[in-house]
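Below is one structure, written out as structure tokens; comments come after it.
The values are calculated or read from the model by the stated rules, or taken from the named source; none is laboratory data. Computed from a predicted model, the values in this text were never measured in an experiment. Methodologically, a virtual Cβ is constructed for each residue, glycine included, from the backbone with ideal geometry; neighbour enumeration extends over all protein chains shown.
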Amino acid sequence: HTNNNLHGIEMTCEAMQRHRDGKGMIFANLVDFDMLYGHRRDTEGYALALEQFDEKLPQIIKNLSSKDILMITADHGCDPTYEHHTDHTREYVPLLVYGETVKKWVDLGIRDTFADCGQTIADLLGVGDLLNGKSFKDDIISGCVCS
């Protein structure tokens, strides 16, 4: 459990250092984006949080090994102009994938389901097929790295 986005980034970097030689997955939920700004439709706070994340992103990248893959995404979208409730709205979510073995400038288009991320992670870890989702591993990886 983390206290805020900056604490989450710090904990992520520490976990990356501890598990540098291991195989697995580190999942970080930067909760401020969702809890403080997304659901509250606070675009100014969200923008500031993005700037803070951008400043810290080099720390995360510095901790990546040559075989690591970084995926940055969200679990849902929230339309900042929608005022009727603070629940999820139906926006698309971004997905950025980075690593030494990741092909540059690949456009994955609009995916049918967010489960594609899960299936891709399972594929990269050699877990096998999940119930839903289509892996985009072959679209983004320039060589076999994980399994």
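Here are some notes:
- Selection over segment 21-33 of residues that are without any contact (Cβ under 8 Å) to a residue 60 or more places away in the chain and either loosely packed, with under 11 Cβ neighbours inside 10 Å or touching a Lys or Arg at 6+ places or on another chain (Cβ under 7 Å) (or both) gives a count of 3.
- Taken over segment 80-121, residues that are loosely packed, with under 12 Cβ neighbours inside 10 Å and over 14 Å from Asp139 (Cα atoms) amount to 10.
- Residue, nearest to the chain's Cα centre (by Cα), within segment 34-66, restricted to residues that are charged (D, E, K, R) and surrounded by fewer than 12 Cβ atoms within 10 Å (Cβ to Cβ): Asp54
- Flag if Leu57 is over 29 Å from Gln119 (Cβ atoms) and either outside any helix (DSSP H, G or I) or not hydroxyl-bearing (Ser, Thr, Tyr) (or both): no
- The residue list Asp75, Asp79, Asp87, Asp129 contains one member that is at pLDDT below 95, closer than 25 Å to Leu36 by Cα and in contact with a helix residue (DSSP H, G or I) (Cβ under 8 Å, 6 or more places away or on another chain), which is Asp75.
- The residue pairs whose first member lies in segment 58-75 and is within 13 Å of Glu100 (Cβ to Cβ) and free of Cβ contacts under 8 Å to residues at least 40 places away in the same chain, whose second member is assigned to a strand (DSSP E or B) and not acidic (Asp, Glu), and whose beta carbons are closer than 9 Å, counting only pairs six or more residues apart or on different chains, are Ile61/Leu70; Ile61/Tyr98; Leu70/Leu96; Leu70/Val97; Leu70/Tyr98; Leu70/Val102.
- The set of residues in segment 1-17 that are surrounded by 15 or more Cβ atoms within 10 Å (Cβ to Cβ) and in contact (Cβ under 8 Å) with a residue 40 or more places away in the chain comprises Asn5, Leu6, Ile9, Thr12, Cys13, Met16.
- Qualifying positions in segment 1-42 - in a helix (DSSP H, G or I), closer than 21 Å to Val93 by Cα and at pLDDT 85 or above: Asn5, Gly8, Ile9, Val31, Asp32
- Number of positions in segment 79-113 that are touching a residue at least 12 places away in the same chain (Cβ under 8 Å) and more than 22 Å from Leu57 (Cβ to Cβ): 15
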